[in-house]
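The values are calculated or read from the model by the stated rules, or taken from the named source; none is laboratory data. Everything quoted here is computed from the prediction, not taken from an experiment. Every residue, glycine as well, gets a Cβ built from its backbone with ideal geometry; the counts of neighbours run over all protein chains shown.
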Amino acid sequence: MRIAISTGGGDAPGLNAVIRGSVLAAIHRGWECVGIRRGYDGLLDEDRVVVLDANAVRGITHLGGTILGTTNRGDPFRWRGQGADGSAIEHDRADELVAAFRRKGIDALIAIGGDGSLRIAQRLFREKGIRVVGVPKTIDNDVGGTQLTFGFDTAVQTATEAIDKVHSTAESHERVMVVEVMGRHAGWIALHSGISGSADVILMPEIPFDMSKVCEKIARREAEGRHFSIVVVAEGAAPRGGSVSLIDPEHQRLGGIGDKVAHSIQEMTGKETRSLVLGHLQRGGSPTTFDRLLGLRFGAAAVRVIADGKFGTMVALRPPTIAPISIDEALAAPKTVPLDSDTIATARDLGISLGD
């Protein structure tokens, strides 16, 4: 058996752990592993397929990023190129990709990625017959069917540490500090880091917020002699009756909600307010112990699923085990924060405003 491993979409702490888990589990079975560089670029444009043996994955579990590189523009069904006039065009190169798979003697693919990469894997399996097993990767924790995705725990740790640090400057200057974290469709990072970091307000995509409610919370703290406040806002949060904030409407790139919330708070309360965007800091750095272990478990589980011949599936954390589910189930809908969850109830019981 010869299996290929690819990493696509945004990077996440724990990717290298998944690669190592897959490679060592495959070698244990006498299989051969290869890695596709930069998503599918390594097969379509660069022909950069590298052998992954035990030496290639030695000492990488603790490293952030991915030794294979990644891209979020590598969809073989909608490959971006240039027309004769220099304009951007898209064309289907999936058949070229399949032919490259055959030439390289690849029997199965472990596709590590979020919803975009998993959708490509789903089409390769369903429409082109490529034997695929997916591994869920996103710091947003919004892939369906799995309790957690690797990278999420590290992102929450990074965000919580940042919130801890802004407390001192907020209190010293008696300011409101607005911290913008990632979370396009789901507020998992905002909620977990906000509660853990003792935020006063948490704004998430799941709960459209009312700025008057946010300012009421800040005013109450002011009346109680607490002359500073911490607001955590997910990038996909939106005001009631409004829309998400975009810094690149053409490509639907989110951003700027932290600045908008900060401006509104200062205007409505008169409190000096500053905003901080954590951005890609949440993607970087060494994975936490939890993400290292989860990544290794996912990687080894993907090889077991291949051995069982269960293709068109994604490995999912279903405590206490990791089990294969259909990619269809994983992509049915983004996994958002349940509004009746214990974590939401905890936030409310602690007096944290959710903007509603």
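For this structure, a couple of remarks:
Okay, residues lined up against (1) in a helix (DSSP H, G or I); (2) touching a Cys at 6+ places or on another chain (Cβ under 9 Å); (3) in contact (Cβ under 8 Å) with a residue 12 or more places away in the chain:
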residue	(1), (2), (3)
T146	no, no, yes
V166	yes, no, yes
S172	yes, no, no
H192	yes, no, yes
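- Residue in segment 31-49 that is part of a helix (DSSP H, G or I), surrounded by fewer than 21 Cβ atoms within 10 Å (Cβ to Cβ) and of a type in the set (A, V, I, L, M) present: yes
- Of the set (1) within 18 Å of G355 (Cβ to Cβ); (2) surrounded by 20 or more Cβ atoms within 10 Å (Cβ to Cβ); (3) polar (S, T, N, Q), all apply to T269 but (2).
- Any hit, segment 314-324, residues being surrounded by 12 or more Cβ atoms within 10 Å (Cβ to Cβ) and polar (S, T, N, Q): no
- Among the residues listed as G242, G236, G258, the single one being over 16 Å from D140 (Cβ atoms) and part of a loop (DSSP other than H, G, I, E, B): G242
- When A17, A84 are screened for being at pLDDT 90 or above, of a type in the set (A, V, I, L, M, F, W, C) and either in a helix (DSSP H, G or I) or loosely packed, with under 12 Cβ neighbours inside 10 Å (or both), only A17 passes.
- Residue pairs whose Cβ atoms lie under 7 Å apart, sitting 6 or more positions apart in sequence or on different chains, and linking a residue in segment 96-110 that is buried (at least 20 other Cβ atoms within 10 Å of the Cβ) to a partner that is of a type in the set (D, E, K, R), are I106/R2; A108/R131; L109/R131.
- The criterion of at least 1 residues that are modelled with pLDDT under 95 is met by the following helices (runs of 4 or more DSSP H) wholly inside segment 283-349: 327-331.
- Flag if E180 is surrounded by fewer than 24 Cβ atoms within 10 Å (Cβ to Cβ) and either polar (S, T, N, Q) or out of contact with any Lys or Arg (no Cβ under 8 Å at 6 or more places or on another chain) (or both): no
The rows are residues; the columns are (1) out of contact with any Asp or Glu (no Cβ under 7 Å at 6 or more places or on another chain); (2) modelled with pLDDT under 90; (3) at positive phi; (4) among the basic types (K, R).
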site	(1), (2), (3), (4)
T7	yes, no, no, no
D11	yes, yes, no, no
V23	yes, no, no, no
R29	yes, no, no, yes
E32	yes, no, no, no
D41	yes, yes, no, no
L44	no, yes, no, no
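- Matching residues in segment 266-282 - criterion: being over 16 Å from the mean Cα position of the chain (by Cα) and part of a helix (DSSP H, G or I): Q266, E267, M268, T269
- Residue that is surrounded by the most Cβ atoms within 10 Å (Cβ to Cβ), among those in segment 334-356 that are under 24 Å from D291 (Cα atoms) and out of contact with any Gly (no Cβ under 6 Å at 6 or more places or on another chain): I344
Conditions (1) assigned by TED's automatic domain parsing to the domain that holds D291; (2) assigned to a loop (DSSP other than H, G, I, E, B); (3) more than 29 Å from V232 (Cβ to Cβ), marked per residue:
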| site | (1), (2), (3) |
| --- | --- |
| F101 | yes, no, yes |
| I106 | yes, yes, yes |
| L109 | yes, no, yes |
| L118 | yes, no, no |
| Q122 | yes, no, yes |
| G134 | yes, no, yes |
| I139 | yes, yes, no |
| V143 | yes, yes, no |
| A159 | no, no, no |
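- Qualifying residue in segment 183-198 (condition: of a type in the set (S, T, N, Q), surrounded by 14 or more Cβ atoms within 10 Å (Cβ to Cβ), at negative phi and modelled with pLDDT under 95): no
- Yes/no for F77 being at pLDDT 90 or above and over 21 Å from A302 (Cβ atoms): yes
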